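The values are calculated or read from the model by the stated rules, or taken from the named source; none is laboratory data. Small disclaimer: the values here were computed from a predicted structure and weren't measured. All Cβ positions, glycine included, derive from the backbone under ideal geometry; neighbour counts span all protein chains shown.
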(Lines give C-alpha, C1' and ligand atoms only; values in the text may rest on other atoms or scores of the structure.)
Protein backbone atom coordinates (compact mmCIF):
# COMPACT_ATOMS: atom_id res chain seq x y z
CA UNK A 1 0.00 0.00 0.00
CA UNK A 2 2.86 2.37 0.88
CA UNK A 3 4.50 1.64 -2.48
CA UNK A 4 1.20 2.30 -4.32
CA UNK A 5 0.74 5.55 -2.39
CA UNK A 6 4.22 6.82 -3.23
CA UNK A 7 3.71 5.84 -6.89
CA UNK A 8 0.43 7.76 -6.98
CA UNK A 9 2.08 10.84 -5.44
CA UNK A 10 4.93 10.60 -7.92
CA UNK A 11 2.48 10.48 -10.85
CA UNK A 12 0.56 13.42 -9.40
CA UNK A 13 3.75 15.47 -9.08
CA UNK A 14 4.71 14.60 -12.66
CA UNK A 15 1.28 15.63 -14.01
CA UNK A 16 1.37 18.83 -11.96
CA UNK A 17 4.79 19.64 -13.38
CA UNK A 18 3.54 19.06 -16.95
CA UNK A 19 0.52 21.32 -16.36
CA UNK A 20 2.78 24.01 -14.93
CA UNK A 21 5.08 23.77 -17.94
CA UNK A 22 2.09 24.00 -20.30
CA UNK A 23 0.89 27.18 -18.59
CA UNK A 24 4.38 28.64 -18.82
CA UNK A 25 4.54 27.90 -22.55
CA UNK A 26 1.12 29.50 -23.11
CA UNK A 27 2.17 32.49 -21.00
CA UNK A 28 5.37 33.00 -23.00
CA UNK A 29 3.43 32.67 -26.27
CA UNK A 30 0.90 35.33 -25.20
CA UNK A 31 3.69 37.58 -23.92
CA UNK A 32 5.40 37.38 -27.31
CA UNK A 33 2.15 38.11 -29.17
CA UNK A 34 1.15 41.22 -27.20
CA UNK A 35 3.98 43.43 -28.55
CA UNK A 36 3.13 42.36 -32.10
CA UNK A 37 -0.56 43.13 -31.55
CA UNK A 38 0.35 46.52 -30.10
CA UNK A 39 2.67 47.40 -32.98
CA UNK A 40 0.17 46.22 -35.58
CA UNK A 41 -2.64 48.25 -33.97
CA UNK A 42 -0.54 51.43 -33.84
CA UNK A 43 0.60 50.86 -37.42
CA UNK A 44 -3.02 50.44 -38.57
CA UNK A 45 -4.25 53.55 -36.76
CA UNK A 46 -1.34 55.59 -38.17
CA UNK A 47 -2.15 54.30 -41.65
CA UNK A 48 -5.84 55.22 -41.19
CA UNK A 49 -4.91 58.79 -40.24
CA UNK A 50 -2.56 59.16 -43.22
CA UNK A 51 -5.13 57.47 -45.46
CA UNK A 52 -7.78 59.99 -44.43
CA UNK A 53 -5.41 62.88 -45.06
CA UNK A 54 -4.51 61.51 -48.50
CA UNK A 55 -8.15 61.78 -49.53
CA UNK A 56 -8.12 65.46 -48.53
CA UNK A 57 -5.09 66.24 -50.73
CA UNK A 58 -6.79 66.26 -54.14
CA UNK A 59 -6.48 70.04 -54.39
CA UNK A 60 -3.50 70.49 -52.08
CA UNK A 61 -1.12 73.37 -52.83
CA UNK A 62 1.82 70.99 -52.31
CA UNK A 63 2.80 69.00 -55.45
CA UNK A 64 4.28 66.19 -53.33
CA UNK A 65 1.00 65.66 -51.45
CA UNK A 66 -0.98 65.75 -54.70
CA UNK A 67 1.41 63.15 -56.11
CA UNK A 68 0.87 60.86 -53.11
CA UNK A 69 -2.89 61.26 -53.46
CA UNK A 70 -2.66 60.45 -57.16
CA UNK A 71 -0.70 57.27 -56.44
CA UNK A 72 -3.27 56.15 -53.89
CA UNK A 73 -6.07 57.05 -56.30
CA UNK A 74 -4.83 54.31 -58.63
CA UNK A 75 -5.95 51.85 -55.96
CA UNK A 76 -9.49 53.27 -56.14
CA UNK A 77 -9.45 53.21 -59.92
CA UNK A 78 -8.42 49.56 -59.87
CA UNK A 79 -11.04 48.44 -57.30
CA UNK A 80 -13.67 51.01 -58.18
CA UNK A 81 -16.93 52.42 -56.80
CA UNK A 82 -18.88 49.56 -58.36
CA UNK A 83 -16.76 47.12 -56.31
CA UNK A 84 -15.30 45.64 -59.48
CA UNK A 85 -11.69 45.31 -60.66
CA UNK A 86 -10.62 47.47 -63.60
CA UNK A 87 -7.64 45.74 -65.22
CA UNK A 88 -6.52 48.98 -66.91
CA UNK A 89 -5.07 50.10 -63.56
CA UNK A 90 -3.58 46.77 -62.47
CA UNK A 91 0.09 47.77 -62.85
CA UNK A 92 -0.35 51.16 -61.19
CA UNK A 93 -2.05 49.47 -58.25
CA UNK A 94 0.59 46.74 -57.99
CA UNK A 95 3.73 48.82 -58.30
CA UNK A 96 2.68 52.24 -57.02
CA UNK A 97 -0.36 52.18 -54.73
CA UNK A 98 0.39 48.97 -52.81
CA UNK A 99 4.08 49.81 -52.14
CA UNK A 100 2.96 53.23 -50.90
CA UNK A 101 0.56 51.58 -48.45
CA UNK A 102 3.34 49.26 -47.27
CA UNK A 103 5.62 52.24 -46.68
CA UNK A 104 3.06 53.96 -44.46
CA UNK A 105 2.45 50.73 -42.53
CA UNK A 106 6.18 50.29 -41.84
CA UNK A 107 6.47 53.92 -40.72
CA UNK A 108 3.52 53.33 -38.37
CA UNK A 109 5.21 50.25 -36.91
CA UNK A 110 8.42 52.20 -36.27
CA UNK A 111 6.50 55.03 -34.63
CA UNK A 112 4.69 52.53 -32.41
CA UNK A 113 8.00 51.07 -31.27
CA UNK A 114 9.51 54.51 -30.63
CA UNK A 115 6.43 55.57 -28.66
CA UNK A 116 6.65 52.49 -26.43
CA UNK A 117 10.38 52.98 -25.77
CA UNK A 118 10.05 56.70 -25.01
CA UNK A 119 6.86 56.64 -22.92
CA UNK A 120 6.70 53.28 -21.12
CA UNK A 121 9.25 52.67 -18.30
CA UNK A 122 11.40 49.59 -18.92
CA UNK A 123 9.76 49.05 -22.31
CA UNK A 124 12.63 46.79 -23.34
CA UNK A 125 11.30 44.22 -20.88
CA UNK A 126 8.26 43.51 -23.07
CA UNK A 127 8.98 44.95 -26.51
CA UNK A 128 12.25 44.65 -28.43
CA UNK A 129 13.63 45.38 -31.87
CA UNK A 130 13.04 41.71 -32.66
CA UNK A 131 9.28 42.31 -32.41
CA UNK A 132 9.56 45.35 -34.68
CA UNK A 133 11.57 43.48 -37.32
CA UNK A 134 9.22 40.50 -37.09
CA UNK A 135 6.17 42.67 -37.75
CA UNK A 136 7.84 44.54 -40.61
CA UNK A 137 8.81 41.20 -42.11
CA UNK A 138 5.20 40.02 -41.93
CA UNK A 139 3.97 43.28 -43.48
CA UNK A 140 6.45 42.94 -46.35
CA UNK A 141 5.50 39.30 -46.94
CA UNK A 142 1.79 40.13 -46.89
CA UNK A 143 2.16 43.04 -49.32
CA UNK A 144 4.32 40.92 -51.62
CA UNK A 145 1.63 38.23 -51.64
CA UNK A 146 -1.09 40.81 -52.41
CA UNK A 147 1.00 42.27 -55.24
CA UNK A 148 1.58 38.79 -56.69
CA UNK A 149 -2.17 38.05 -56.54
CA UNK A 150 -3.03 41.24 -58.48
CA UNK A 151 -4.24 43.09 -55.39
CA UNK A 152 -7.07 40.67 -54.73
CA UNK A 153 -6.82 40.09 -51.01
CA UNK A 154 -9.49 39.21 -48.45
CA UNK A 155 -10.68 42.83 -48.16
CA UNK A 156 -11.20 43.32 -51.89
CA UNK A 157 -13.98 41.09 -53.17
CA UNK A 158 -16.35 41.77 -56.06
CA UNK A 159 -19.94 42.54 -55.08
CA UNK A 160 -23.03 43.57 -56.99
CA UNK A 161 -24.20 45.32 -53.83
CA UNK A 162 -22.34 45.85 -50.57
CA UNK A 163 -23.55 43.23 -48.08
CA UNK A 164 -24.45 43.90 -44.47
CA UNK A 165 -21.36 44.19 -42.27
CA UNK A 166 -21.50 41.49 -39.54
CA UNK A 167 -18.59 42.91 -37.51
CA UNK A 168 -18.73 45.85 -35.12
CA UNK A 169 -15.05 45.96 -34.10
CA UNK A 170 -12.92 44.53 -36.89
CA UNK A 171 -12.78 45.57 -40.53
CA UNK A 172 -13.77 42.95 -43.09
CA UNK A 173 -14.51 43.03 -46.82
CA UNK A 174 -18.11 44.13 -46.15
CA UNK A 175 -16.88 47.30 -44.43
CA UNK A 176 -13.90 48.04 -46.65
CA UNK A 177 -15.88 47.81 -49.88
CA UNK A 178 -17.97 50.74 -48.60
CA UNK A 179 -14.80 52.84 -48.54
CA UNK A 180 -14.46 52.24 -52.28
CA UNK A 181 -18.10 53.23 -52.82
CA UNK A 182 -17.67 56.34 -50.63
CA UNK A 183 -13.90 57.09 -50.75
CA UNK A 184 -13.98 59.77 -48.02
CA UNK A 185 -15.79 57.51 -45.56
CA UNK A 186 -15.17 54.11 -43.93
CA UNK A 187 -11.44 54.75 -43.48
CA UNK A 188 -10.44 52.07 -40.95
CA UNK A 189 -8.21 49.19 -42.04
CA UNK A 190 -8.03 46.80 -39.05
CA UNK A 191 -10.22 48.00 -36.19
CA UNK A 192 -12.89 50.67 -36.64
CA UNK A 193 -11.28 53.02 -34.12
CA UNK A 194 -10.68 55.86 -36.59
CA UNK A 195 -14.28 55.89 -37.84
CA UNK A 196 -15.65 55.78 -34.29
CA UNK A 197 -13.60 58.82 -33.30
CA UNK A 198 -13.95 60.78 -36.55
CA UNK A 199 -17.57 59.85 -37.30
CA UNK A 200 -16.89 58.58 -40.81
CA UNK A 201 -18.72 55.23 -40.69
CA UNK A 202 -21.71 56.38 -42.74
CA UNK A 203 -22.50 58.39 -45.86
CA UNK A 204 -25.87 60.09 -46.27
CA UNK A 205 -25.24 62.85 -48.81
CA UNK A 206 -26.41 60.91 -51.88
CA UNK A 207 -29.36 59.26 -50.13
CA UNK A 208 -33.06 59.96 -50.74
CA UNK A 209 -35.16 59.90 -47.58
CA UNK A 210 -38.84 59.28 -46.95
CA UNK A 211 -40.28 59.53 -43.46
CA UNK A 212 -43.49 59.25 -41.52
CA UNK A 213 -44.24 61.45 -38.53
CA UNK A 214 -42.60 64.43 -40.18
CA UNK A 215 -44.94 66.87 -38.44
CA UNK A 216 -43.95 65.60 -34.99
CA UNK A 217 -41.21 67.08 -32.84
CA UNK A 218 -38.67 64.35 -33.57
CA UNK A 219 -39.59 64.19 -37.25
CA UNK A 220 -39.03 67.92 -37.67
CA UNK A 221 -35.74 67.74 -35.78
CA UNK A 222 -34.55 64.85 -37.97
CA UNK A 223 -35.49 66.74 -41.14
CA UNK A 224 -33.35 69.66 -39.95
CA UNK A 225 -30.41 67.33 -39.25
CA UNK A 226 -30.74 65.60 -42.63
CA UNK A 227 -30.76 68.94 -44.43
CA UNK A 228 -27.61 69.85 -42.54
CA UNK A 229 -26.10 66.59 -43.83
CA UNK A 230 -26.89 67.65 -47.39
CA UNK A 231 -28.95 64.59 -48.33
CA UNK A 232 -30.32 64.40 -51.86
CA UNK A 233 -34.02 64.63 -51.00
CA UNK A 234 -36.52 64.32 -48.13
CA UNK A 235 -40.14 63.31 -48.71
CA UNK A 236 -42.66 63.38 -45.86
CA UNK A 237 -45.58 60.94 -45.93
CA UNK A 238 -48.65 62.63 -44.44
CA UNK A 239 -50.95 60.49 -42.33
CA UNK A 240 -54.51 60.59 -43.64
CA UNK A 241 -53.62 61.60 -47.19
CA UNK A 242 -50.60 59.50 -48.23
CA UNK A 243 -51.34 56.62 -45.89
CA UNK A 244 -53.31 55.46 -42.87
CA UNK A 245 -53.30 52.34 -40.70
CA UNK A 246 -55.37 50.43 -43.29
CA UNK A 247 -54.36 51.95 -46.63
CA UNK A 248 -50.74 52.32 -47.76
CA UNK A 249 -51.14 52.74 -51.53
CA UNK A 250 -50.17 56.41 -51.44
CA UNK A 251 -46.77 55.55 -49.98
CA UNK A 252 -45.69 53.14 -52.71
CA UNK A 253 -44.72 55.78 -55.28
CA UNK A 254 -42.57 57.55 -52.67
CA UNK A 255 -40.86 54.26 -51.78
CA UNK A 256 -39.84 53.75 -55.41
CA UNK A 257 -37.88 57.02 -55.24
CA UNK A 258 -36.20 56.56 -51.85
CA UNK A 259 -33.20 54.88 -50.27
CA UNK A 260 -33.96 55.34 -46.56
CA UNK A 261 -37.29 55.00 -44.72
CA UNK A 262 -37.62 56.67 -41.31
CA UNK A 263 -40.59 55.52 -39.22
CA UNK A 264 -41.04 58.39 -36.76
CA UNK A 265 -44.82 58.26 -36.34
CA UNK A 266 -46.41 57.07 -33.12
CA UNK A 267 -49.49 57.10 -30.93
CA UNK A 268 -50.43 56.53 -27.29
CA UNK A 269 -54.16 56.40 -28.04
CA UNK A 270 -56.54 53.52 -28.75
CA UNK A 271 -54.84 52.85 -32.08
CA UNK A 272 -51.38 52.48 -30.52
CA UNK A 273 -50.83 48.89 -31.69
CA UNK A 274 -51.97 49.65 -35.23
CA UNK A 275 -49.83 52.79 -35.40
CA UNK A 276 -46.66 51.75 -33.57
CA UNK A 277 -46.47 48.13 -34.70
CA UNK A 278 -48.81 46.86 -37.40
CA UNK A 279 -48.53 49.82 -39.78
CA UNK A 280 -44.75 49.98 -39.32
CA UNK A 281 -44.37 46.31 -40.26
CA UNK A 282 -46.48 46.82 -43.37
CA UNK A 283 -44.60 49.98 -44.36
CA UNK A 284 -41.28 48.13 -44.08
CA UNK A 285 -42.64 45.27 -46.19
CA UNK A 286 -43.80 47.65 -48.92
CA UNK A 287 -40.55 49.61 -48.78
CA UNK A 288 -38.52 46.43 -49.29
CA UNK A 289 -40.77 45.47 -52.19
CA UNK A 290 -40.88 48.81 -54.03
CA UNK A 291 -37.65 50.65 -53.18
CA UNK A 292 -35.38 50.83 -56.21
CA UNK A 293 -32.31 51.55 -54.10
CA UNK A 294 -31.09 47.98 -54.49
CA UNK A 295 -31.15 48.35 -58.29
CA UNK A 296 -29.78 51.90 -58.52
CA UNK A 297 -27.20 51.92 -55.72
CA UNK A 298 -24.35 49.76 -54.53
CA UNK A 299 -25.56 49.84 -50.92
CA UNK A 300 -28.54 48.39 -49.09
CA UNK A 301 -31.75 50.38 -48.56
CA UNK A 302 -32.13 51.46 -44.94
CA UNK A 303 -34.98 51.52 -42.41
CA UNK A 304 -34.80 53.65 -39.25
CA UNK A 305 -37.46 52.94 -36.63
CA UNK A 306 -38.02 55.24 -33.65
CA UNK A 307 -38.63 53.09 -30.59
CA UNK A 308 -38.74 54.09 -26.94
CA UNK A 309 -37.29 53.21 -23.54
CA UNK A 310 -40.81 52.01 -22.68
CA UNK A 311 -39.69 48.85 -24.48
CA UNK A 312 -37.91 48.02 -21.22
CA UNK A 313 -39.06 50.09 -18.26
CA UNK A 314 -42.50 49.63 -16.58
CA UNK A 315 -45.56 51.76 -17.34
CA UNK A 316 -46.14 52.61 -13.66
CA UNK A 317 -49.83 51.70 -13.73
CA UNK A 318 -50.66 54.40 -16.28
CA UNK A 319 -53.29 53.11 -18.74
CA UNK A 320 -52.02 55.22 -21.62
CA UNK A 321 -48.42 54.13 -21.03
CA UNK A 322 -49.56 50.51 -20.80
CA UNK A 323 -51.07 50.76 -24.30
CA UNK A 324 -47.95 52.50 -25.58
CA UNK A 325 -45.66 49.92 -23.96
CA UNK A 326 -47.64 46.98 -25.35
CA UNK A 327 -47.52 48.42 -28.89
CA UNK A 328 -43.78 49.11 -28.81
CA UNK A 329 -42.98 45.70 -27.31
CA UNK A 330 -45.13 43.97 -29.91
CA UNK A 331 -42.88 45.45 -32.60
CA UNK A 332 -39.64 44.17 -31.02
CA UNK A 333 -39.70 40.66 -32.59
CA UNK A 334 -40.03 42.32 -35.99
CA UNK A 335 -37.16 44.67 -35.14
CA UNK A 336 -35.03 41.69 -34.15
CA UNK A 337 -35.78 40.05 -37.51
CA UNK A 338 -35.02 43.25 -39.43
CA UNK A 339 -31.58 43.43 -37.81
CA UNK A 340 -30.63 40.20 -39.59
CA UNK A 341 -32.60 40.81 -42.79
CA UNK A 342 -30.07 40.63 -45.68
CA UNK A 343 -32.20 42.94 -47.86
CA UNK A 344 -32.14 46.05 -45.64
CA UNK A 345 -29.89 47.87 -43.19
CA UNK A 346 -32.08 48.35 -40.13
CA UNK A 347 -31.41 50.95 -37.41
CA UNK A 348 -33.36 50.89 -34.15
CA UNK A 349 -33.46 54.30 -32.44
CA UNK A 350 -34.26 54.21 -28.71
CA UNK A 351 -34.66 57.73 -27.30
CA UNK A 352 -35.39 58.77 -23.75
CA UNK A 353 -38.47 60.95 -23.32
CA UNK A 354 -38.18 64.29 -25.10
CA UNK A 355 -40.49 67.29 -25.25
CA UNK A 356 -43.24 66.85 -27.83
CA UNK A 357 -47.01 67.02 -28.20
CA UNK A 358 -47.13 63.82 -26.12
CA UNK A 359 -45.69 65.65 -23.10
CA UNK A 360 -42.83 67.63 -21.57
CA UNK A 361 -39.36 66.21 -20.86
CA UNK A 362 -35.99 67.56 -19.75
CA UNK A 363 -34.45 67.33 -23.25
CA UNK A 364 -35.69 68.54 -26.61
CA UNK A 365 -36.35 66.61 -29.79
CA UNK A 366 -33.46 68.54 -31.36
CA UNK A 367 -31.04 67.13 -28.76
CA UNK A 368 -32.39 63.63 -29.42
CA UNK A 369 -31.99 64.01 -33.19
CA UNK A 370 -28.41 65.27 -32.82
CA UNK A 371 -27.49 62.32 -30.59
CA UNK A 372 -29.13 59.98 -33.10
CA UNK A 373 -27.02 61.38 -35.93
CA UNK A 374 -23.88 61.19 -33.76
CA UNK A 375 -24.38 57.44 -33.39
CA UNK A 376 -25.25 56.94 -37.06
CA UNK A 377 -22.05 58.73 -38.11
CA UNK A 378 -20.23 56.03 -36.16
CA UNK A 379 -22.00 53.18 -37.91
CA UNK A 380 -24.38 52.24 -35.08
CA UNK A 381 -27.42 50.17 -35.97
CA UNK A 382 -28.80 50.26 -32.43
CA UNK A 383 -28.95 53.90 -31.36
CA UNK A 384 -29.34 54.73 -27.63
CA UNK A 385 -30.31 58.43 -27.72
CA UNK A 386 -30.58 58.39 -23.95
CA UNK A 387 -29.80 60.40 -20.84
CA UNK A 388 -31.08 57.71 -18.45
CA UNK A 389 -29.02 54.73 -19.61
CA UNK A 390 -32.10 52.51 -19.94
CA UNK A 391 -31.60 52.25 -23.70
CA UNK A 392 -28.25 50.51 -23.15
CA UNK A 393 -29.93 47.80 -21.08
CA UNK A 394 -32.67 47.56 -23.69
CA UNK A 395 -30.03 46.57 -26.25
CA UNK A 396 -29.26 43.43 -24.24
CA UNK A 397 -32.96 42.58 -24.15
CA UNK A 398 -33.49 43.17 -27.86
CA UNK A 399 -30.48 41.23 -29.09
CA UNK A 400 -30.44 38.29 -26.66
CA UNK A 401 -33.94 37.96 -25.19
CA UNK A 402 -36.48 38.99 -27.82
CA UNK A 403 -37.36 36.16 -30.27
CA UNK A 404 -37.48 36.61 -34.02
CA UNK A 405 -40.89 37.43 -35.49
CA UNK A 406 -40.86 34.11 -37.34
CA UNK A 407 -40.61 32.31 -33.99
CA UNK A 408 -43.65 34.03 -32.47
CA UNK A 409 -46.89 32.03 -32.20
CA UNK A 410 -49.48 33.10 -34.72
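Just give me the residues in region 124-152 being part of a loop (DSSP other than H, G, I, E, B) and either modelled with pLDDT under 95 or out of contact with any helix residue (DSSP H, G or I) (no Cβ under 7 Å at 6 or more places or on another chain) (or both), in sequence order. Walk me through how you get there before you give the answer.
Taking region 124-152 first, the residues part of a loop (DSSP other than H, G, I, E, B) are 126-128, 149-152.
126, 127, 128, 149, 152, listed by residue number.
When region 191-207 is filtered for residues that are assigned to a loop (DSSP other than H, G, I, E, B), within 10 Å of residue 171 (Cβ to Cβ) and touching a strand residue (DSSP E or B) at 6+ places or on another chain (Cβ under 7 Å), nothing remains. Yes or no: residue 121 over 18 Å from the mean Cα position of the chain (by Cα) and part of a loop (DSSP other than H, G, I, E, B)? So residue 121 fits the description; yes.
Could you tell me how many of the residues in region 197-217 are crowded, with 17+ Cβ neighbours inside 10 Å and under 13 Å from the mean Cα position of the chain (by Cα)? Please lay out each step first, then the result.
Of all residues in region 197-217, those crowded, with 17+ Cβ neighbours inside 10 Å come to 200-204, 207-214, 216-217.
Next cut, under 13 Å from the mean Cα position of the chain (by Cα) only: 200-203.
Summing the residues that are crowded, with 17+ Cβ neighbours inside 10 Å and under 13 Å from the mean Cα position of the chain (by Cα) in region 197-217 gives 4.
Scanning region 363-373 for residues that are surrounded by fewer than 17 Cβ atoms within 10 Å (Cβ to Cβ) and part of a loop (DSSP other than H, G, I, E, B) turns up at least one hit. Among the residues of region 274-283, are any surrounded by 22 or more Cβ atoms within 10 Å (Cβ to Cβ), in the same structural domain as residue 331 (by TED's automatic domain parsing) and touching a residue at least 60 places away in the same chain (Cβ under 8 Å)? Yes, region 274-283 contains a residue that is surrounded by 22 or more Cβ atoms within 10 Å (Cβ to Cβ), in the same structural domain as residue 331 (by TED's automatic domain parsing) and touching a residue at least 60 places away in the same chain (Cβ under 8 Å). Checking each residue of region 389-400 against the condition of being surrounded by 20 or more Cβ atoms within 10 Å (Cβ to Cβ), in a loop (DSSP other than H, G, I, E, B) and out of contact with any helix residue (DSSP H, G or I) (no Cβ under 6 Å at 6 or more places or on another chain) gives no match.
Among the residues in region 211-233, are any modelled with pLDDT of 95 or more, in a loop (DSSP other than H, G, I, E, B), within 30 Å of residue 183 (Cα to Cα) and touching a helix residue (DSSP H, G or I) at 6+ places or on another chain (Cβ under 8 Å)? Taking every residue of region 211-233 in turn, none turns out to be modelled with pLDDT of 95 or more, in a loop (DSSP other than H, G, I, E, B), within 30 Å of residue 183 (Cα to Cα) and touching a helix residue (DSSP H, G or I) at 6+ places or on another chain (Cβ under 8 Å).
Just one of 251, 224 is surrounded by 20 or more Cβ atoms within 10 Å (Cβ to Cβ) and farther than 15 Å from residue 377 by Cα; which is it? Break it down stepwise before answering.
Working: 224 fails: surrounded by 20 or more Cβ atoms within 10 Å (Cβ to Cβ).
Of the residues listed, the single one that is surrounded by 20 or more Cβ atoms within 10 Å (Cβ to Cβ) and farther than 15 Å from residue 377 by Cα is 251.
The residues in region 179-190 that are closer than 21 Å to residue 105 by Cβ and not in a loop (DSSP other than H, G, I, E, B) can be counted, and the count is 2. Filtering region 165-178 down to residues that are assigned to a loop (DSSP other than H, G, I, E, B) and buried (at least 16 other Cβ atoms within 10 Å of the Cβ), which residue is farthest from the chain's Cα centre (by Cα)? Looking at residues that are assigned to a loop (DSSP other than H, G, I, E, B) and buried (at least 16 other Cβ atoms within 10 Å of the Cβ), I get 171.
A search for C-beta distances below 9 Å between a residue of region 360-382 that is closer than 20 Å to residue 170 by Cβ and any residue that is modelled with pLDDT under 95 and part of a loop (DSSP other than H, G, I, E, B), counting only pairs 6+ apart in sequence or on different chains, returns 379/168; 380/168; 381/168.
Counting the residues of region 69-105 that are crowded, with 19+ Cβ neighbours inside 10 Å and farther than 25 Å from residue 174 by Cα gives 0. Against the numbered list (1) in contact with a strand residue (DSSP E or B) (Cβ under 9 Å, 6 or more places away or on another chain); (2) modelled with pLDDT of 95 or more; (3) not in a loop (DSSP other than H, G, I, E, B), residue 273 comes up short only at (1).
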